[in-house]
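K.L.:
One structure, as structure tokens, below. Some questions next.
The values are calculated or read from the model by the stated rules, or taken from the named source; none is laboratory data. These figures come from a predicted structure and were not determined experimentally. No Cβ is skipped: glycine too gets one built from the backbone with ideal geometry, and neighbour counts run over all protein chains shown. Accessible surface is based on the protein model in full, side chains and every heavy atom, while ligands, DNA and RNA are left aside. Shrake-Rupley method; radii C 1.70, N 1.55, O 1.52, S 1.80 Å.
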Protein chains: 2
Amino acid sequence: MAEITAELVNKLRQKTNAGMMDCKKALAETKGDMEAAETYLRKKGIAKAEGKADRAAKEGVIASYIHMAGRVGVLIEVNCETDFVAKNENFQGFVKDLTLHIAAANPKYLQREDVPADVVAKERDIASEQVKGKPANVIEKIVDGKMNKFFADFCLLEQPFIKDDKVVIKDFVKAKIAELGENIVVRRFTRYAVGGE
Amino acid sequence: MAEITAELVNKLRQKTNAGMMDCKKALAETKGDMEAAETYLRKKGIAKAEGKADRAAKEGVIASYIHMAGRVGVLIEVNCETDFVAKNENFQGFVKDLTLHIAAANPKYLQREDVPADVVAKERDIASEQVKGKPANVIEKIVDGKMNKFFADFCLLEQPFIKDDKVVIKDFVKAKIAELGENIVVRRFTRYAVGGE
């Protein structure tokens, strides 16, 4: 059995955002297998997150971020379950990170369900045109792939986080739900740029 | 001819937001008649403002204001003509005042033209019901009055300014146009309250 070094524990903590004792336990359970330990924690975290996702998130915070001396600005509402978490520094830092991300990555929608049907239809049409002449099932797959890329470009929850592009925002939120033990919902955001759309 | 006292000049400055020399001149021209002097200045100011209103306002600033420890937040874009004015403290203070106003007064629309036609129709309908049985021309007048009240309640540019309820926001903007000598346009705003609409 591999030794559970502090370095290994730390690495797992950074990857998963879980507590030290949880990481130690996960590595012990999985005999020091990093990937298995991550899966173990993610399962716990996600299970927790999905359990929480039904609970009402009616508290929360409105935060803003002004970038480039007033050339760009972001306003966001992020909900949680209690006033206690809403006032928590960790939660507020998380919300601040989201505003920085939105200022930089310029998402147009919160999630793919918010993209208007005519925009989706038009994108699918363009994507299909680009690959025509191939078998229908191949086209379908390529178009789906292109659409996933489109959603990842324009939907906040599917964008790779600017501070860590291996994590998409949706999973960044899930990790925070697991960490804080409350349901968290990014409810809405607005981004203005001077003279922009 | 009445003496043009410093007190008189100051009073006119406060009322009109015009410079000291302009106020002195206005009072001299109108022989110390406060009201005439104000009209004299407003004519100058408004003439200037309306002249400027055609010029493109493509510079500007995005500003935000977070109220009640994150329970309410406002994001605004205000345009002007030059980067010079956009960076001017006076202009930025003016924009900050607008965000404070929006946080407190909670406007739903920028101007009456932005109120959806069905909302206007419904309001007119309710107002008409309230006064039915009167002659048509009387009803028309009363309904118009009620609609003006509705627009003053919900449209930012028609709301009385929270810091000085004798001035509506539209005129607060006009005074700033005259003062800074550039066209200024409140382009858009967003106001979020936690759990609100």
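K.L.:
Only Cα pairs within less than 10 Å get springs; with that Gaussian network setup on chain B, which residue of B:N183, B:N148, B:N106 has the largest fluctuation?
P.N.:
Greatest mean-square fluctuation among the candidates belongs to B:N148.
K.L.:
Defining a contact as two alpha carbons under 8 Å apart and six or more residues distant in sequence, what relative contact order in percent does the range B:96-179 show?
P.N.:
Relative contact order here is 34 percent.
K.L.:
Provide the solvent-accessible area of B:R187, counting protein heavy atoms only and rolling a 1.4 Å probe, rounded to the nearest 10 Å².
P.N.:
Around 90 Å² of this residue is reachable by solvent.
K.L.:
Compute the acute angle (0 to 90°) between the alpha-carbon long axis of helix B:117-130 and the principal axis of greatest extent of the alpha-carbon atoms of chain B; round to the nearest 10°.
P.N.:
80
K.L.:
Right, something else. Express the carbon and sulfur contribution to the solvent-accessible surface of the protein assembly as shown as a percent, rounded to the nearest whole number, probe 1.4 angstrom.
P.N.:
Roughly 52 percent of what the probe reaches on the protein assembly as shown is carbon or sulfur.
K.L.:
Further question: Nm distances between the label at B:A56 and the same-position labels in the remaining copies, 7 Å along Cα→Cβ, shortest first?
P.N.:
Those label-point separations list as 5.1 nm.
K.L.:
Once you sort the root eigenvalues of the Cα gyration tensor of the range A:56-125 as a ≥ b ≥ c, which label holds: rounded (a/c under 1.5), prolate (a/b larger than b/c) or oblate (the other case)?
P.N.:
In terms of gyration-tensor shape, oblate.
K.L.:
If the limit is 30 Å between Cα atoms, which of A:K43/A:K96; B:K15/B:K149; B:K24/B:K176; A:K58/B:K58 go over it?
P.N.:
Going by Cα-Cα distance, A:K58/B:K58 fall outside the 30 Å limit.
K.L.:
Can I ask one more? Net charge within 10 Å of B:M34 by Cβ-Cβ distance, Lys/Arg positive one each and Asp/Glu negative one each, not counting B:M34 itself?
P.N.:
Neighbourhood net charge equals -1.
K.L.:
Which one, B:C155, B:C80, B:C23, has the greatest fluctuation when you compute a Gaussian network model over chain B with C-alpha springs under 10 angstrom?
P.N.:
For chain B, modelled as a Gaussian network with Cα springs under 10 Å, the answer is B:C23.
K.L.:
Give, as a single signed number, the net charge of other residues whose beta carbon lies under 15 Å from the beta carbon of A:V131, with Lys and Arg counted +1 and Asp and Glu -1.
P.N.:
+1
K.L.:
May I pose another question? Give me a single rounded figure for B:75-82: the average over its residues of other chain Cβ atoms within 10 Å of their Cβ.
P.N.:
Per residue, the average neighbour count from other chains is 3.
K.L.:
Around B:V143, with a cut-off of 12 angstrom between Cβ atoms, what is the net charge of the other residues, counting Lys and Arg +1 and Asp and Glu -1?
P.N.:
Once positives and negatives cancel, what remains is +1.
K.L.:
How far apart are the A:D33 label points across copies, placing each 7 Å from Cα toward Cβ, in nm, shortest first?
P.N.:
In ascending order, 9.6 nm.
K.L.:
Hey, in the GNM for chain B with a 10 angstrom Cα cutoff, which one of B:D114, B:D153, B:D97 fluctuates hardest?
P.N.:
Evaluated over chain B, the most mobile residue of the options is B:D114.
K.L.:
How many angstrom separate the Cα center of the range A:138-197 from the Cα center of the range A:90-108?
P.N.:
Centre-to-centre (Cα) distance: 11 Å.
K.L.:
Separate question: Calculate for chain B the 222 nm mean residue ellipticity that helices alone would give, adding -39,500 (n - 2.57) per DSSP H run of length 4 or more and normalising by residue count, nearest 500 deg cm²/dmol.
P.N.:
Using -39500 (n - 2.57) per qualifying helix, the result is -17000 deg cm²/dmol.
K.L.:
At a Cα cut-off below 27 Å, give the lysines reachable from A:K146, other chains included and same-chain residues fewer than 8 away excluded.
P.N.:
Partners within reach: A:K108, A:K122, A:K132, A:K134, A:K163, A:K166, A:K170, A:K174.
K.L.:
Same structure again: 7 Å along Cα→Cβ for the label point: how many nanometres lie between A:K96 and each equivalent label in the other copies, listed shortest first?
P.N.:
2.0
K.L.:
Let me ask you something else. With a ≥ b ≥ c taken as the square roots of the eigenvalues of the C-alpha gyration tensor of chain B, please select rounded if a/c is under 1.5 and otherwise prolate if a/b is larger than b/c or oblate if it is not?
P.N.:
Oblate, because a/c is 1.5 or more while a/b does not exceed b/c.
K.L.:
Across peptide B:184-191, how many C-beta atoms of other chains are within 10 Å of each residue C-beta, on average?
P.N.:
2
K.L.:
Keeping all protein chains in position, work out how much accessible area B:K122 exposes to a 1.4 Å probe, and write it in Å² to the nearest 10.
P.N.:
Number for this one is 130 Å².
K.L.:
Moving on. Relative contact order of chain B, please, whole-number percent, based on alpha carbon pairs below 8 angstrom and at least 6 residues apart.
P.N.:
Reported relative contact order: 27 percent.
K.L.:
Chains B and A: how much accessible area gets covered up at their contact, both sides added, probe 1.4 Å, in Å² to the nearest hundred?
P.N.:
Summing both sides, the interface buries roughly 2100 Å².
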